[in-house]
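Novice: Before I ask anything, let me first share the structure, which is written out below as structure tokens.
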């Protein structure tokens, strides 16, 4: 019996605020080539390519037309998931599990520096009910943060401590966009962008591309590798209509996590997972993710922060790479989380490696107020 | 390939102009129709794949998120597939992969599009090309198709009248399809005297802009045996990508020619081999092809191995691709008679499945269908997807 799907290697470009000397194609080519080299395979060995990106942010209405080639798909069996990059891992893994394919590339990218991100996000709303409110990703995220904050009487210090924690980790990550630590007071006095979110509570906007090489268990055995295994994954979507949702609860994340834990045979995530890389597009969001992932009961995420449970040195380090608060290549961020989780399990994270990681969790999220969520378990 | 999944339900809305329904509403109509057809409810569905192509026709970014509730995606695994014109077939394949991976028993593949309501779809389609090189040439899908037509004429001596016959046959077939957008008994003369949009492509050589929704239900083999006496078994799946640049798709060191759908031939070869089909011209009875221009169909039937390169024009004249010919090509009228881009290729799968299941409308049904091939084409004729459906699972 196989052990599901193996990850043989990852490739990432440096994440920066603005990649002025690289076109989108160049970034994608760099990530893809690096992943192939890291996995010690060539493009000839690849029989499946799954790419993922956001057309509207790319400014092209079928973005895969130009980016399938630099991603390595020339004359290959290729398809595109148009969602958060990490959904590419799901489809690629399923394609391998059918037995029709052996070796797959998964590639995602985002170049926010050349896109009017806020406008693109506003245009995501339906024209009849939501769009007239003029909400973008930040204001809708603030809505969610506000509900969570009031419901659980969250002390203002808690989200600020999440920022300090992630920026401190980001300072160790040589690939991160923001590599400077911040002080608690700086976070708490930074300007409000949309109450209760302050500038430093929000993820920056960055440029970056990343890629993974996935193999069927048969192929991994044949190549005689000691890979990292994708032992579980799950995903789910919530309602589009914010009025119909409890914004303090990431319902679709709970469902996605449940599926991933079941597949990976995890009973107590808090004990069985060594590190987690989560999509924290705001500091408040990271707290809600703890609850969605079942690390604690609803409303108790603040206790984990107070105890330092999720610090680098804590029992379950969350975002040792610095997370989205340090680097946020938008629709590729989730795939970057999977790459970072891979590096931690493979012991290749370098400067920001956490010791003794045997099993890691990665999380990606898409849509307004985290409408869709995906969870991945990576094991030795 | 060991057969692992089948289509047990098919749903389509009428393709036309919809000013009174939103995208989620069209998605839901299609989803409900497919579930009804399968004798299932949304509670029987384990995962949803949403088929949505370019969102720019609609003017709502990432509209799949808007459709989550209407498509039954709430609390379910939900993902959107988008490969341009091939989207619907890529989505059907993704749905197949969900089931064939052993993770799900029943998957709903659904989508909708409202290209009809876009003010100028060709303006949008110009932005599919590279902003630095090809966009400036004023490339649209019409001018791109004209390139292929000219090349096919040059290489094989194909005549405009032979292309016109494709439109005549498709429009005639569409008369038997209650959901087709355009239909009617037209003549070669009608096509030949219709205005040129870009020589040699004329008005009747082109597909319309339509709106509508389509959906299929894919289930595991075990479930299919229980649910349906005659499901459409998914026997072969493949999709292949080529470079975007038209200039690189032929000439130089490229062994391919823009007249030929060589990428389709590659995808078909893989799908046929999975399905155990050795002689497609003999073993396939129905082809539902994503051919938005008449020339595309001539090029595609050659790539699918129904005849040799350059023979399709003559065979078309001889009626080989008619309803009662050797292989019925687009008995539904195909893309020339309805094109709601995001789901046009899914409609091909719907119509192919109906033929295999024996459930097509009476006059549209081809007799004794064992195998049907469905295709999708996207980008600058660069993405080609193929699915082989069969009445037998072995």
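Laboratory data are not the source of any read-out in this text; all were calculated from the coordinates shown. What you see is a predicted model; the values in this text were computed from it and never measured. As a convention, Cβ positions derive from the backbone with ideal geometry for all residues, glycine included, and neighbour counts pool all protein chains shown.
Novice: Counting each pair of different Cα atoms once, what's the Kirkwood radius of chain B in Å, rounded to one decimal?
Specialist: 20.4 Å
Novice: Here's another thing I want to ask about it. Treating the angle as unsigned and between 0 and 90°, give the value, to the nearest 10°, between the Cα long axis of helix B:262-275 and the longest Cα principal axis of chain B.
Specialist: 30 degrees
Novice: Okay, next question. By the gyration tensor of its Cα atoms, with a ≥ b ≥ c the square roots of the eigenvalues, what is the shape of region B:171-230: rounded for a/c under 1.5, prolate for a/b over b/c, or oblate?
Specialist: prolate
Novice: Could you work out the Rg to Rh ratio of chain A, with Rh taken as the Kirkwood radius (inverse of the mean 1/r over all Cα pairs)?
Specialist: Reported Rg/Rh, Kirkwood definition of Rh: 0.94.
Novice: Ok, one more. Would you mind estimating how fast the protein assembly as shown diffuses translationally, via Stokes-Einstein at 37 °C and 0.692 mPa s with the Kirkwood radius over Cα pairs, in µm²/s?
Specialist: My calculation gives 126 µm²/s for D.
Novice: Starting from the alpha-carbon convex hull of region B:46-175, give the projected area averaged over all orientations, in nm².
Specialist: 11.7 nm²
Novice: Other chains near B:130-139: what is the mean number of their Cβ atoms within 10 Å of each residue's Cβ?
Specialist: Taking all residues of B:130-139 together, the mean is 2.
Novice: Roughly speaking, what is the stretch gain from residue A:306 to residue A:265, that is 0.36 nm per residue apart minus the C-alpha to C-alpha distance, in nm to one decimal?
Specialist: 11.8 nm
Novice: For an R0 of 22 angstrom, estimate the FRET efficiency from the Cβ-Cβ distance between residue B:393 and residue B:41 and round to the nearest 0.05.
Specialist: After rounding, the FRET efficiency stands at 0.30.
Novice: Continuing with the same structure: Taking a ≥ b ≥ c as the square roots of the eigenvalues of the Cα gyration tensor of region A:194-266, is the shape rounded (a/c under 1.5), prolate (a/b larger than b/c) or oblate?
Specialist: oblate
Novice: Additional query: Need one number: nm distance between label points at residue B:132 and residue A:180, each 7 Å from Cα along Cα→Cβ, rounded to one decimal.
Specialist: Roughly 3.2 nm, to one decimal.
Novice: What spacing in nm lies between the two simple spin-label points modelled at residue A:20 and residue A:351, each 7 Å away from Cα in the Cβ direction?
Specialist: In this crude spin-label approximation the distance works out to 2.2 nm.
Novice: Count, for each residue of B:93-103, the Cβ atoms from other chains sitting within 10 Å of its Cβ, then give me the mean as a whole number.
Specialist: Mean number of neighbouring Cβ atoms from other chains: 6.
Novice: What does the average come to when, for each residue of peptide B:232-242, you count the partner chain Cβ atoms lying within 10 Å of its Cβ?
Specialist: The per-residue average across the peptide is 4.
Novice: Which shape class, rounded, prolate or oblate, goes with region A:247-365 when its Cα gyration tensor gives a ≥ b ≥ c as root eigenvalues, a/c under 1.5 marks rounded, and past that a/b bigger than b/c marks prolate?
Specialist: Cα axes put region A:247-365 in the rounded bin.
Novice: Choose one answer from B:155, B:370, B:169: the residue with the largest mean-square fluctuation in a GNM of chain B with alpha-carbon springs under 10 Å.
Specialist: For chain B, modelled as a Gaussian network with Cα springs under 10 Å, the answer is B:155.
Novice: Return the calculated 222 nm mean residue ellipticity for chain A, to the nearest 500 deg cm²/dmol, obtained by summing -39500 (n - 2.57) across DSSP H runs with n ≥ 4 and dividing by the residue count.
Specialist: That comes out to -10000 deg cm²/dmol.
Novice: Now for a separate question. In degrees from 0 to 90, rounded to the nearest 10, what is the angle of the helix A:87-97 Cα long axis to the longest principal axis of chain A?
Specialist: Helix A:87-97 sits at roughly 40 degrees to that axis.
Novice: Also: Could you work out the helix-only [θ] at 222 nm for chain B, with each DSSP H run of four or more residues adding -39,500 (n - 2.57) and the total divided by the number of residues, to the nearest 500 deg cm²/dmol?
Specialist: Per the formula, -10000 deg cm²/dmol.
Novice: Using the basic label-point model (7 angstrom from Cα toward the beta carbon), what is the residue B:154 to residue B:278 distance in nanometres?
Specialist: Going by the 7 Å Cα→Cβ label model, 3.9 nm.
Novice: So, one more: I'd like the orientation of helix A:24-38 relative to chain A: the angle between its Cα long axis and the longest Cα principal axis, in ° from 0 to 90, rounded to 10.
Specialist: 60 degrees
Novice: Going highest first, how would you order A:282-291, B:87-96 by mean Cβ packing within 10 Å?
Specialist: B:87-96, A:282-291
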